[in-house]
Structure formats: structure tokens, C-alpha cells
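Notes follow the structure.
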Amino acid sequence: STGDGQMLKGYLDDGSGITEEKLETLFGETRSPLLRQKMDGLGRAFSYLASEGTELADWSLSLSASLEQVFASAWREVAVQQAENLLERTLLERYGIAQVSAMNPGSLKVWSLEEQVPLFELLAPLPERLGVTLLPSLIMRPEYSVSGVFFQTDSKFYNCQLCPKKECPNPVSYT
């Protein structure tokens with residue numbers, strides 16, 4: 001929780017990054033070849049989890065007016081985006097890394113949503129401490145939560161670069 005009352009919750013793994021053993025467990029031969037390719041020889045990787053937090057989610061669910069729910073949904077989305085941005089900035093500053101990219105299970109076919117399971121195992125016990133649960137459907141609660149891996153990179157990579165959707169509600173500029 002930040003001083004201004006905005007709830008931002010997130011976690012980066014310990015400073016050692018993901019070890020080769022953990023990496024093999026998480027991204028073995030049957031796992032995401034794209035993530036392996038993007039990370040090849042570039043150094044460290046850091047698992048992460050960012051969430052709006054249970055307080056904001058519970059508050060938004062208590063609203064009854066439709067317009068209030070629309071505004072709350074937008075605020076929830078911004079909260080998790082800010083948490084993820086804060087985690088990235090912290091990682092860059094704390095470990096002196098010039099640039100990182102991130103990938104998230106389920107955002108591309110090459111890293112399926114089923115890979116949330118080993119990622120949550122790697123992150124344990126942090127999801128529980130942050131109040132984030134992985135449902136049998138592999139969706140996280142609170143809904144506005146994101147998990148993934150930040151990895152050191154020479155050139156910025158966005159999941160969106162490989163997305164086949166023509167119409168995107170959140171386009172990313174690649175420049």
C-alpha cells in the first residue's frame with residue numbers, strides 16, 4: 001500500500017533471479033520455446049506477480065450502480081498496471097539492469113495459460129501472502145492480477161508484437 005492510499009501489490013523473486021534449475025522446471029523443453037529464445041544468454045530472469053489487491057477488488061464488488069462499476073473497473077486496471085510498472089522500475093534500479101521485457105502465461109499460444117500452475121508453484125508462498133489465488137479455470141482472483149517473468153534483454157519485447165488480434169483495446173507502441 002502506498003502512502004496516498006492507492007493499493008499496489010506486487011512481488012519480485014529474490015535478488016538471485018530464477019536459477020537454472022527453476023528455469024528448467026518452469027520452461028523445460030515442452031514449455032515456451034519463445035521465452036527460452038528471448039532469454040537465451042542474456043542473464044537473469046525474475047518471476048513476478050502484481051495485483052490490484054483484495055481490498056480494491058472487494059470494494060468494487062460492493063458497488064451497485066453501473067456507472068460506479070465502470071469507473072471502478074478502470075481504476076482496478078490502472079492499479080495493476082501501475083503495480084507491474086513499479087515492479088519493473090524496482091527491478092531495473094535494484095539490480096542495475098538496463099532493460100527487461102516480460103512474458104505472461106496465456107497471453108500467447110506459445111506460452112499457454114496452463115503454465116500458470118508451475119509459475120504459481122515457483123512464486124509460492126507469495127500469491128497467498130498477496131491474496132491472489134489461482135482458480136481451477138487458471139484465472140487469478142482478484143481478477144485484475146498479472147503474473148509472468150521479467151527477463152534481461154537487449155531489445156524490448158512485448159507480447160502484443162506476436163498477437164494476431166486486429167482490434168486491440170490496449171495497443172502498445174513499439175518505438
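Here, each number is a calculation from the coordinates, and none is a lab measurement. Remember, it's a predicted structure, so these values are computed and weren't measured experimentally.
3J(HN,Hα) couplings calculated from phi for the range 55-69 with the Karplus curve 6.51 cos²θ - 1.76 cosθ + 1.60 (θ = phi - 60°) are, in sequence order, 5, 5, 4, 4, 4, 5, 6, 7, 6, 10, 6, 4, 5, 4, 5 Hz; Gly and Pro show x. Under 5 Å from the amide H of Thr133 lie the amide H atoms of Arg141, each residue being 5 or more positions distant or on a separate chain, with H modelled from the backbone and absent for Pro and chain starts.
Each residue of the range 118-125 was assigned a 3J(HN,Hα) from its phi angle through the Karplus expression (A = 6.51, B = -1.76, C = 1.60, θ = phi - 60°), giving x, 5, 5, 5, 5, 7, 3, x Hz with x at Gly and Pro. Averaging over all projection directions, the Cα-based convex hull of the range 63-167 occupies 8.7 nm² in the image plane.
Each 5 Å bin from zero holds the following percent of Cα-Cα pairs in the range 106-145: 6, 22, 32, 28, 9, 2.
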